[in-house]
Structure formats: structure tokens, C-alpha cells
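We did not get these values from a lab; they are worked out from the coordinates using the rules stated. Model, not experiment: these values are computed from the prediction. Glycine also receives a Cβ, built like all others from the backbone with ideal geometry; neighbour counts cover every protein chain displayed.
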Amino acid sequence: QVQLAESGGGLAQPGRSLELSCVTSGIRQRPNTFSWYRQAPGKEREWVATWYSVGGTRVADSVEGRFTISRDSAKNTVSLQMNDLKPEDTAVYYCNYKDRQARTFWGQGTQVTVSS
């Protein structure tokens, strides 16, 4: 059974950094993808970044140059390094896994608040 558990959220001042971590279990299939999404109050959930098991990553234009997604298979984690945080980055961040049958799984989310 696939399980995802996010951690690392919290309060940060503008311009500071946070790293989110998603511990994964039950991952057996390839190819697959891991992604981060976020949902701000009153807004729809939006895609932030994706890591591809076949190689490569992509990030949304809104976080290009500031956020980096990575995967440590030995530790079964997917991370989102967030630098130069802005108030508009405030949201609940969700870890997402999609298997080769395109079935999608979600974590419970972790709150990130950027405020001075």
C-alpha cells in the first residue's frame, strides 16, 4: 500500500528557506513520478514541481529558480527545497505519487506560512 507523509512545513520570513520532506512507502512500480502541489486558502490546488523516475525534473514558472525537487531512493524520501520564500508561497503543500497505471496518491499535507 502506497503511503506518503509530508513534514517540514512551518512559519518562515520572506526571503528565507524551508525544506519539505515526503517519506514514501509501498513504492514498487516504475516508471513513476513524484510531485509537489500546493493549495492556498480560497484557491484551487496547483502543481509546483515533478520528479521523473526516467530522469529529469520540472518546476512551475512561479517557483522557477527558487524551488528544487529531489528524490533520495535510499531514504525513500522526496524533498522540496524552497528558497527566497514569498508571501504568495503560503499554502498547504501536498506530496503526490503517480504510478505507471496513472493511479494517484496523496499525502495529508503540510502548512507553509510565509510572513514577516
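Worth a mention:
- Length-normalised contact order of the chain in % [C-alpha pairs under 8 Å, at least 6 apart]: 37
- Zone of Thr113's modelled label, taken as backbone nitrogen in the range 20-42 under 15 Å from a point 7 Å along Cα→Cβ: 40-41
- Under a Gaussian network description of the chain, with springs only between Cα atoms under 10 Å, the residue in Arg38, Arg103, Arg58 that fluctuates furthest is Arg103.
- Estimated FRET transfer efficiency (Arg58, Ser25; beta-carbon r; R0 22 Å; 0.05): 0.35
- Using a simple spin-label model with pseudo-atoms 7 Å out from Cα toward Cβ, Ser7 and Asp99 lie 2.5 nm apart.
- According to the calculation over all Cα-Cα pairs in the range 43-102, the P(r) per 10 Å bin from zero is 18, 54, 25, 3 %.
- All alpha carbon pair distances within the chain were sorted into 10 Å bins beginning at 0; the resulting P(r) in whole percents reads 15, 50, 29, 6, 0.
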